[in-house]
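Accompanying notes for the structure given below.
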Amino acid sequence: MDFGDIYQAYFRDVFFYLCSLSGNESIAEETAQETFVKALKAIDSFDGSKDIRAWLFTIAKNTYYTYCKRQKIYADEELSENTAIIQADFTERFSDEESAFRIHQFLHSMDEPYKEVFSLRVFGELPFEKIGMLFGKSPGWARVTYYRAKKKIYEYMEAIEHEKNQL
């Protein structure tokens, strides 16, 4: 299959994948174009052992993340004070001692595998690949489980904050 055929067959899939990541058609189109430029340059390294669409999606995802990192340099200058507060990092937001204790309390009562995956990631500082291996699962499974645990903790802390504001 020549590269023109690959482009014709998979551009739409890559474009829609990038739309789902970015939520913006113009960013998705720009990133999709860049994805295929990178794929063309690296086509000799594609050994055919994997599905070419999965290979293109990996390039697309990495290209999108690179795009986001480049944009952050400029976006930080434009963020309003309120936006910066809303988008504060999870660990910074709950860094005081009282909040940390509440998180540990909630974490202790959390169901498995959320409790263990979160602990391995945060306290053990293990990468998702190793966490997945410990459970006999994929790195993607570990990543999703971690973010679900993080979301549960975040919702718990929001509920406590809401109760404090009610008093």
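Since every read-out is calculated from the coordinates, none of them should be taken as a lab result. Since the structure is predicted, the reported quantities are computational estimates derived from the model, not experimental observations. Note: ideal-geometry Cβ built from the backbone for every residue, glycine included; neighbour counts use all protein chains shown.
The packing ranking of peptides 150-161, 28-39, highest mean first, is 28-39, 150-161, where packing means the average number of other beta carbon atoms within 10 angstrom of each residue. Length gained on full extension, Gln105 to Lys130, computed as 0.36 nm times the residue gap minus the Cα-Cα distance: 6.4 nm.
Straight Cα distances below 20 angstrom link Lys150 to the lysines Lys115, Lys130, Lys137, with same-chain residues fewer than 8 positions distant left out. Under 5 Å from the amide H of Leu126 lie the amide H atoms of Arg121, each residue being 5 or more positions distant or on a separate chain, with H modelled from the backbone and absent for Pro and chain starts. In order along the range 15-28, the Karplus-derived 3J(HN,Hα) couplings, from 6.51 cos²θ - 1.76 cosθ + 1.60 at θ = phi - 60°, round to 4, 5, 4, 5, 4, 5, 6, 8, x, 9, 5, 5, 5, 4 Hz, and Gly and Pro are given as x. Ordering Leu18, Leu107, Leu134 from the fewest to the most neighbouring beta carbons within 10 Å gives Leu134, Leu107, Leu18.
With neighbour counts taken as other beta-carbon atoms within 10 Å, the residues Lys115, Lys50 rank, fewest first, as Lys50, Lys115. Using the Karplus relation 6.51 cos²θ - 1.76 cosθ + 1.60 with θ = phi - 60°, the per-residue 3J(HN,Hα) values for the range 102-108 come to 5, 5, 4, 4, 5, 4, 4 Hz, with x marking Gly and Pro.
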